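Engineer: Dropping a structure here in structure tokens format, bear with me for questions.
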Amino acid sequence: CCYRMARGAWAAVFLLLGSVVDPCSSQTYALNDKAGLGRVFDGIGGLSGGGATSRLLVNYAEPYRSQILDYLFKPNFGASLHILKVEIGGDSQTTDGTEPSHMHYESDENYFRGYEWWLMKEAKRRNPNVTLIGLPWAFPGWVGHGKNWPYDFPDITAAYVVNWILGAKQYHDLDIQYVGIWNERNFDSKYIKLLRYTLDKNGLEGVRIIASDNLWEPITLYLLLDPELGRAVDVIGAHYPGTTTVKEAVKTQKKLWSSEDYSTFNDEVGGGCWARILNQNYVNGNMTATISWNLVASYYEDLPFGRDGLMTAEEPWSGNYVVESPIWITAHTTQFTQPGWTYLQTVGHLAQGGSYVALTDGTGNLTVVIETMTHDHSVCIRPPLPPFNVTSQNATFQLQGSFASIKELQVWRSQFNFKTKKPSFFEKLTPLKLVDGSFTLNLAEDEVYTLTTITTGQKGSYPDPPPSARFPKVYKDNFDIRNPPFSEAPDFADQTGVFEYYINLTDPGPHVFTLRQVLTERPVTWAADADQTISVIGDYQWHDLTVTCDVFMESVKTGGVFIAARVDKGGQSIRSANGVFFWVFADGTYKVTNDLAGQTVLAEGQSGTRAYGWHTLSLTVKGQYALGQLNGYPLWKNAVVLTPKNGWAAIGTRSFELAQFDNFAVVAG
């Protein structure tokens with residue numbers, strides 16, 4: 001009794017034949033709870049941060065911003081995510097940018113910087129039961145006391161992290177349920193124990209610790225050998241586990257999570273990757289939660305790992321966003337299960353390739369998710385995927401135990417249709433009538449099915465957003481926003497350093513509201529931050545353009561600032577960025593360089609610039625020539641620029657130093 005045959009006019013024939021003859025050769029799989037259940041399901045989620053990945057989302061105008069959030073978090077609408085994991089900002093480059101810390105300095109606390117607080121509140125507003133997780137990638141420099149290592153002062157590091165959790169509750173009424181150690185870096189057992197002690201001492205006994213957000217080993221061995229450490233850690237979180245675990249991890253009897261996964265371009269192959277690992281992380285590796293890096297691709301696409309989110313929202317200036325296939329693949333699980341459901345023990349691989357999982361809420365509801373993704377159509381960015389075969393097949397599922405009396409299942413299907421290039425995602429089919437607790441599916445390659453007793457599933461939709469458009473060729477910002485809801489200026493993407501709105505109370509003139517670079521020491525880094533601070537903006541394809549900005553240096557001895565054009569790199573490659581950089585310094589000189597590091601000099605000379613005075617810089621790059629002006633007067637003409645041919649505009653400072661910017665403008669040719 002093949003369900004594919006049963007659609008339309010064949011439905012009656014399907015029911016008639018189902019009890020007397022098997023029209024298709026089929027493998028039978030039992031779905032049974034008689035022998036007990038498997039592990040408790042903890043949810044599917046997305047990760048905001050780990051590199052400023054939601055940077056552009058906050059700048060979307062309504063209603064588009066709320067629509068994007070609905071596709072991510074609203075129950076029974078889109079991805080309906082169960083988990084939101086966020087970066088605890090550490091002022092350092094962590095993949096695609098920096099996220100500001102709640103404590104730039106030891107005596108500084110501000111729990112309104114950045115956008116993760118806002119995002120967590122928006123997720124919670126849509127789904128009050130969403131699980132919230134925090135994890136640091138980097139730390140402000142003061143935490144390490146000048147060393148690039150936070151564990152030398154574990155009490156300071158633990159207090160810093162706990163302050164973030166306390167601030168989330170005090171200022172935003174957010175309950176953080178899990179916290180990690182240090183993303184993809186070595187762990188320290190002494191620090192983990194001290195973090196547990198510090199949490200408990202501050203009334204946060206309910207906040208659980210995930211370790212170590214890296215590999216399964218060696219944390220699993222330490223947990224088995226150190227009972228005190230074992231009591232401190234609740235979840236073993238592994239990154240990009242390739243759907244497998246190690247036997248030592250299972251021996252710990254801890255929850256096992258893929259605490260960061262996917263990280264794959266969100267085309268249909270990316271959707272196939274996500275479909276395969278959502279099932280097989282449990283089938284192969286006993287993992288009860290899977291979290292996508294990243295939640296939403298809301299950063300400039302030419303930064304590293306462009307479009308590696310569950311959906312794409314990278315154009316706040318146009319309002320355009322794209323609901324990609326991973327959203328609907330997620331819905332196959334999230335709309336028909338909830339954390340606290342339990343996997344059946346009867347899950348596994350299909351005979352001709354693919355996998356199936358089944359979960360129950362313990363009150364009679366059942367959800368079965370089946371995937372038949374082929375190798376070439378489900379490759380993730382990491383780790384390498386060993387070869388395997390999947391072919392079309394008929395699969396019979398026999399419901400037994402407490403599920404034997406189920407008479408009907410709702411059916412949802414996604415077909416990638418790579419051959420015809422006409423995919424169909426999250427399509428609701430006619431409910432399936434079971435015969436003696438049995439049903440058969442004719443499964444093609446590259447499909448996902450959900451069969452469930454849950455009737456509330458919905459493929460949510462909104463009218464199409466505005467069409468995609470390039471970044472405006474004429475752009476201006478005078479930073480005159482009073483009481484800004486977010487610390488960053490719209491569309492600027494900090495790559496090293498932190499640039500925040502600032503009220504200059506000492507200046508009664510035209511520069512009261514400015515953008516200020518606020519870091520004065522190198523953070524405890526996760527990636528290779530540049531020695532200079534830099535924030536990029538605009539269209540990576542910009543070739544001919546004029547950049548203008550008023551600048552104010554606050555360091556008398558070492559002060560220096562720049563504006564730039566054609567900046568060709570960002571993210572973890574920021575140290576090696578090239579472009580055209582127009583620098584002025586507090587010692588009265590200027591320099592034009594072809595690189596951020598300042599090694600290739602195109603022009604230099606006297607400028608008369610000093611600290612604590614405003615100067616207007618203008619840089620024009622046209623073809624292979626660049627010219628610059630200071631306060632309306634030319635400093636040089638026709639410096640030869642051979643490379644790069646295109647890139648972003650940018651502002652920045654010579655080092656980690658205080659400096660202000662105002663009246664920024666770009667005119668692109």
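Engineer: Of the conditions (1) in a strand (DSSP E or B); (2) closer than 26 Å to Gly509 by Cα, Leu602 clears all except one; give me its number.
Structural biologist: Result: Leu602 passes all but (2).
Engineer: Would you confirm whether or not the stretch 429-436 contains a residue that is among the polar types (S, T, N, Q), within 29 Å of Thr28 (Cβ to Cβ), touching a strand residue (DSSP E or B) at 6+ places or on another chain (Cβ under 8 Å) and surrounded by fewer than 13 Cβ atoms within 10 Å (Cβ to Cβ)? Steps first, please.
Structural biologist: Let us first name the residues in the stretch 429-436 that are among the polar types (S, T, N, Q), namely 430.
Filter once more, keeping what is within 29 Å of Thr28 (Cβ to Cβ): 430.
Cutting the leftovers down to touching a strand residue (DSSP E or B) at 6+ places or on another chain (Cβ under 8 Å) gives us 430.
Next, only the ones that are surrounded by fewer than 13 Cβ atoms within 10 Å (Cβ to Cβ) stay: 430.
Yes - at least one qualifying residue is present in the stretch 429-436.
For (1) under 17 Å from the mean Cα position of the chain (by Cα); (2) of a type outside the set (Phe, Trp, Tyr); (3) not in a loop (DSSP other than H, G, I, E, B), each residue gets a yes or a no:
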position: Ala35; (1), (2), (3): no, yes, no
position: Arg65; (1), (2), (3): yes, yes, yes
position: Ile68; (1), (2), (3): yes, yes, yes
position: Ala79; (1), (2), (3): yes, yes, no
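Engineer: OK, next. Counting residues that are closer than 21 Å to Thr456 by Cβ and either among the polar types (S, T, N, Q) or touching a helix residue (DSSP H, G or I) at 6+ places or on another chain (Cβ under 6 Å) (or both), which strands (runs of 3 or more DSSP E) fully inside the stretch 359-431 reach at least 2?
Structural biologist: Details: elements: 366-371, 393-399, 408-415.
Counting at least 2 such residues, we get 366-371, 408-415.
Engineer: Being surrounded by fewer than 20 Cβ atoms within 10 Å (Cβ to Cβ) and more than 25 Å from Gln338 (Cβ to Cβ) narrows it down to one residue among Asp200, Asp173; which is it? Don't jump to the end; show me each part of the working.
Structural biologist: On the way: Asp173 fails: more than 25 Å from Gln338 (Cβ to Cβ).
The conditions single out Asp200.
Engineer: Got a number for residues in the stretch 614-667 being within 20 Å of Gly560 (Cα to Cα) and without any contact (Cβ under 8 Å) to a residue 40 or more places away in the chain?
Structural biologist: 6
Engineer: So, one more: Which condition breaks for Thr131 when tested against (1) crowded, with 24+ Cβ neighbours inside 10 Å; (2) under 20 Å from Ala232 (Cβ atoms)?
Structural biologist: The number of the failed condition is (1).
Engineer: When you check Trp216 against the structure, is it touching a residue at least 60 places away in the same chain (Cβ under 8 Å), at negative phi and among the hydrophobic types (A, V, I, L, M, F, W, C), yes or no? Explain how you work it out, then say what you get.
Structural biologist: On the way: touching a residue at least 60 places away in the same chain (Cβ under 8 Å): no; at negative phi: yes; among the hydrophobic types (A, V, I, L, M, F, W, C): yes.
Answer is no for this residue.
Engineer: So Ala565 clears everything in (1) within 21 Å of Ala603 (Cα to Cα); (2) in a strand (DSSP E or B); (3) at pLDDT below 95 except one condition, right? Which one?
Structural biologist: All conditions pass for Ala565, except number (3).
Engineer: With Gly353, Gly309 as the choices, which residue is small (Gly, Ala, Ser), surrounded by fewer than 23 Cβ atoms within 10 Å (Cβ to Cβ) and assigned to a loop (DSSP other than H, G, I, E, B)?
Structural biologist: Values: Gly309 fails: surrounded by fewer than 23 Cβ atoms within 10 Å (Cβ to Cβ).
Selected residue: Gly353, the only one of Gly353, Gly309 that is small (Gly, Ala, Ser), surrounded by fewer than 23 Cβ atoms within 10 Å (Cβ to Cβ) and assigned to a loop (DSSP other than H, G, I, E, B).
Engineer: Collect the residues in the stretch 68-79 that are of a type outside the set (A, V, I, L, M, F, W, C) and either over 13 Å from Tyr321 (Cα atoms) or surrounded by fewer than 24 Cβ atoms within 10 Å (Cβ to Cβ) (or both), keeping them in residue-number order. It would help to see each step written out before you state the result.
Structural biologist: As a first pass, look at the stretch 68-79 and keep what is of a type outside the set (A, V, I, L, M, F, W, C): 70-71, 74-76, 78.
Result: Asp70, Lys74, Pro75, Asn76, Gly78.
Engineer: Then there is this: Scan the stretch 639-667 for residues that are part of a loop (DSSP other than H, G, I, E, B) and more than 17 Å from Ala577 (Cα to Cα) and jot them down. Break it down stepwise before answering.
Structural biologist: Applying the first criterion (part of a loop (DSSP other than H, G, I, E, B)) to the stretch 639-667 yields 641-647, 654-658.
Within the stretch 639-667, Phe656, Glu657, Leu658 meet the criteria.
Engineer: Out of the stretch 186-229, which residues are aromatic (Phe, Trp, Tyr) and either under 25 Å from the mean Cα position of the chain (by Cα) or assigned to a strand (DSSP E or B) (or both)? Give the derivation first.
Structural biologist: The initial filter retains those residues of the stretch 186-229 that are aromatic (Phe, Trp, Tyr), namely 187, 191, 197, 216, 222.
Selection gives Phe187, Trp216.
Engineer: Quick one: which of Arg516, Arg566 is closer than 17 Å to Leu596 by Cβ and either assigned by TED's automatic domain parsing to the domain that holds Asn183 or of a type outside the set (A, V, I, L, M) (or both)?
Structural biologist: Working: Arg516 fails: closer than 17 Å to Leu596 by Cβ.
Residue meeting the stated conditions: Arg566.
Engineer: Further question: Which of the residues belonging to the stretch 98-116 are closer than 22 Å to Leu204 by Cα, surrounded by fewer than 21 Cβ atoms within 10 Å (Cβ to Cβ) and of a type outside the set (Asp, Glu)?
Structural biologist: Correct list: Asn110, Tyr111, Phe112.
Engineer: Give the residues of the stretch 43-67 that are touching a Pro at 6+ places or on another chain (Cβ under 6 Å) and surrounded by fewer than 22 Cβ atoms within 10 Å (Cβ to Cβ), sorted by residue number.
Structural biologist: Within the stretch 43-67, the first condition is being touching a Pro at 6+ places or on another chain (Cβ under 6 Å), and the residues that meet it are 43, 56, 59-60, 64.
Passing the criteria: Asn59, Tyr64.
Engineer: What's the number of the condition Asp544 fails, among (1) over 28 Å from Pro472 (Cα atoms); (2) surrounded by fewer than 24 Cβ atoms within 10 Å (Cβ to Cβ); (3) acidic (Asp, Glu)?
Structural biologist: It is condition (1) that Asp544 fails.
Engineer: Within the stretch 81-129, track down each residue that is free of Cβ contacts under 8 Å to residues at least 24 places away in the same chain and part of a helix (DSSP H, G or I).
Structural biologist: Residue satisfying the conditions is Arg125 alone.
Engineer: Something else: What is the number of the single condition among (1) closer than 17 Å to Asp446 by Cβ; (2) assigned to a loop (DSSP other than H, G, I, E, B); (3) among the hydroxyl-bearing types (Ser, Thr, Tyr) that Thr337 does not meet?
Structural biologist: With (1) closer than 17 Å to Asp446 by Cβ; (2) assigned to a loop (DSSP other than H, G, I, E, B); (3) among the hydroxyl-bearing types (Ser, Thr, Tyr) applied to Thr337, the lone miss is (1).
Engineer: I would also like to ask the following. Being assigned by TED's automatic domain parsing to the domain that holds Thr589, under 34 Å from the mean Cα position of the chain (by Cα), charged (D, E, K, R) and in a loop (DSSP other than H, G, I, E, B) is the requirement here; does Asp507 meet it?
Structural biologist: On the way: assigned by TED's automatic domain parsing to the domain that holds Thr589: yes; under 34 Å from the mean Cα position of the chain (by Cα): no; charged (D, E, K, R): yes; in a loop (DSSP other than H, G, I, E, B): yes.
It is false that Asp507 is assigned by TED's automatic domain parsing to the domain that holds Thr589, under 34 Å from the mean Cα position of the chain (by Cα), charged (D, E, K, R) and in a loop (DSSP other than H, G, I, E, B).
Engineer: Between Thr264, Thr244, which is in contact with a Cys (Cβ under 6 Å, 6 or more places away or on another chain) and not in a strand (DSSP E or B)? Please lay out each step first, then the result.
Structural biologist: Numbers: Thr244 fails: in contact with a Cys (Cβ under 6 Å, 6 or more places away or on another chain).
Only one candidate passes the filter, namely Thr264.
Engineer: Kindly establish whether Ala493 is under 19 Å from Asp539 (Cβ atoms), outside the structural domain of Gly89 (by TED's automatic domain parsing) and either touching a Leu at 6+ places or on another chain (Cβ under 6 Å) or hydroxyl-bearing (Ser, Thr, Tyr) (or both).
Structural biologist: Working: under 19 Å from Asp539 (Cβ atoms): yes; outside the structural domain of Gly89 (by TED's automatic domain parsing): yes; either touching a Leu at 6+ places or on another chain (Cβ under 6 Å) or hydroxyl-bearing (Ser, Thr, Tyr) (or both): no.
No; evaluated as a whole, the condition is false for this residue.
The values are calculated or read from the model by the stated rules, or taken from the named source; none is laboratory data. Only a predicted model underlies this, so the values are computations on that prediction, with no experimental measurement involved. Cβ sites come from the backbone with ideal geometry, for glycine too, and all protein chains shown count toward neighbours.
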